[in-house]
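Asks: One structure, pasted below without further comment.
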Amino acid sequence: MVLVGSYVALSKPLAAALPVALLAWLRFGIAALAMAHWLRRPPDEPPLTRQTRWLLFLESFLGNFLFTLCMVSGVQRSSAVSAGVIMAAIPAAVAVFSWLFLRERVALRVWAGVACAVLGIALLSLSKNELQALDTSALDAKNTQNSAWLGHLLLIGAVLCEASYAVIGKKLTGALSPRRITALINLWGWLLSTPMGLWLAWRFDFGAVGVGTWALLLFYALAASVWTVWLWMTGLRSVPAAQAGVFTVLLPISAALVGVLVLGERLTGVQWLALAVALAGVLLATVPGRAKADTRAQR
C-alpha cells in the first residue's frame, strides 16, 4: 500500500500525457511481458478449476477494470470531498465482506482499527487545501444534483469493488501461488482493456511522448501490476482479509508524504493529525495479533 501511494502520487504526468484507457492498456501490456514466465503452472499446483477461473476473472474485472471506471466516473460527477470521504470506507467494507463471505471472525481491536482508519482518512479528505479548487471545477463541469447522486453511487460501487478485490484475493491464495495470481489477473486486465486501448492507440501520437514519461510508465506498470499485487497476495496468505483491509489507509498516507517530500507540498496540523489517527488504526489492528502470535510461539 505504501508503494501504491507512491506511484499514485508520482503518476500525475502520465495522466496528463496519455488517455486513461490507453494508459491502462499499456500498463497491463508491459506487465504481461514482464510476468510471462509466471503464467506457467508449477508442477505442485493443481489445474485451475471452474471456480478458480471465475474468481480470477472477477478479481481482475472488479479490482482493476470496474474499480477504475467507477472511481474516475464518480469523481467527475461529484466532488473531491465526497470522493475522499466515501473511499475512506474501504477498510470497513473489507471487514464486513470478510465476515460475510469468508466467515472470518473479526476481533474487536480490528474493528477499532477500522474505525480509526476511516476517521483518519475522512478527516484528511475534508481538510485538504486543494479541495476547494477541485470542487469548483467539478461543480462547473455539470455537477447537478442528479449527477452528484450518480457520482456518489459510483464511488460506493468503487468501494465495493475494492472490498471484493481483497476478499477474492484471500480466497485465491488458498489455491494458487501469489506469482500466478498476479500474472493471471493482469492478463485478464489486459484483455478487458484491449478494445479501447487499441482504438485509442490508433489515433494517438506516441512521438509526442518524452523519454522521461516512458521511463515513468515503465515504473508505473511494474509497480501497479507486478510488485504491489504480488506483495498484497503474498501478505494475504497469512493475514486475514479484514486485517489486511486496514492497511489500505497507507495508500493516502504514502501519497501525502510523497507530495511533501518529493513534490514540495505542505500539510496543515489537522492533516498531520489525520494521518496519525489513520496510522494508529493500522497499529491497533495488527500489533495485538502479532503479540498473540509471539506468545503462542514461545509456548
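The values are calculated or read from the model by the stated rules, or taken from the named source; none is laboratory data. What you see is a predicted model; the values in this text were computed from it and never measured. Reconstructed Cβ throughout: ideal geometry from the backbone, glycine too, with neighbour counts over all protein chains shown. Quick note on the areas: whole protein, heavy atoms, side chains included, nothing else; ligands and nucleic acids left out. Shrake-Rupley method; radii C 1.70, N 1.55, O 1.52, S 1.80 Å.
Asks: Are there any pairs, at least 6 apart or on different chains, whose C-beta atoms fall under 8 Å, with the first in the range 271-283 and under 14 Å from V260 (Cβ atoms) and the second of a type in the set (S, T, Y) and surrounded by fewer than 21 Cβ atoms within 10 Å (Cβ to Cβ), and if so, which?
Replies: Q271/S127; A274/S127
Asks: Restricting the search to the range 251-292, which residues are modelled with pLDDT under 70, exposed (fewer than 11 other Cβ atoms within 10 Å of the Cβ) and small (G, A, S)?
Replies: Result: A291, single match.
Asks: Quick test for you: out of S164, S137, S147, S125, pick the one residue that is open to solvent by less than 90 Å² (accessible area, probe 1.4 Å), at pLDDT 60 or above and farther than 23 Å from L251 by Cα. Spell out the reasoning first.
Replies: On the way: S164 fails: farther than 23 Å from L251 by Cα; S137 fails: at pLDDT 60 or above; S125 fails: farther than 23 Å from L251 by Cα.
None of the other options fit; the residue is S147.
Asks: Suppose we filter the range 23-56 for residues that are more than 24 Å from A215 (Cα to Cα) and either assigned to a helix (DSSP H, G or I) or not hydrophobic (A, V, I, L, M, F, W, C) (or both); how many remain?
Replies: Here the count works out to 16.
Asks: In addition: Looking at the range 13-54 only, could you name the residues that are within 20 Å of V226 (Cα to Cα), of a type in the set (K, R) and open to solvent by 70 Å² or more (accessible area, probe 1.4 Å)?
Replies: Those that are within 20 Å of V226 (Cα to Cα), of a type in the set (K, R) and open to solvent by 70 Å² or more (accessible area, probe 1.4 Å): R40, R41, R53.
For every residue, the table says whether it meets (1) surrounded by 15 or more Cβ atoms within 10 Å (Cβ to Cβ); (2) at pLDDT 90 or above; (3) of a type in the set (D, E).
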| residue | (1), (2), (3) |
| --- | --- |
| Q132 | no, no, no |
| I156 | yes, no, no |
| V159 | yes, no, no |
| I168 | yes, yes, no |
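Asks: For E59, indicate whether it is open to solvent by less than 30 Å² (accessible area, probe 1.4 Å), modelled with pLDDT of 85 or more and in a loop (DSSP other than H, G, I, E, B).
Replies: Numbers: open to solvent by less than 30 Å² (accessible area, probe 1.4 Å): yes; modelled with pLDDT of 85 or more: yes; in a loop (DSSP other than H, G, I, E, B): no.
Here the answer is no, as E59 does not meet what is asked.
Asks: Here are some conditions: (1) touching a helix residue (DSSP H, G or I) at 6+ places or on another chain (Cβ under 6 Å); (2) open to solvent by 30 Å² or more (accessible area, probe 1.4 Å); (3) over 26 Å from L275 (Cα atoms); (4) part of a helix (DSSP H, G or I). L184 meets all but one. Which one does it not meet?
Replies: Single failed check for L184: (2).
Asks: Which of the residues that make up the range 203-222 are surrounded by 11 or more Cβ atoms within 10 Å (Cβ to Cβ), outside any loop (DSSP other than H, G, I, E, B) and of a type in the set (A, V, I, L, M)?
Replies: Across the range 203-222, the qualifying residues are L216, L217, L218, A221, L222.
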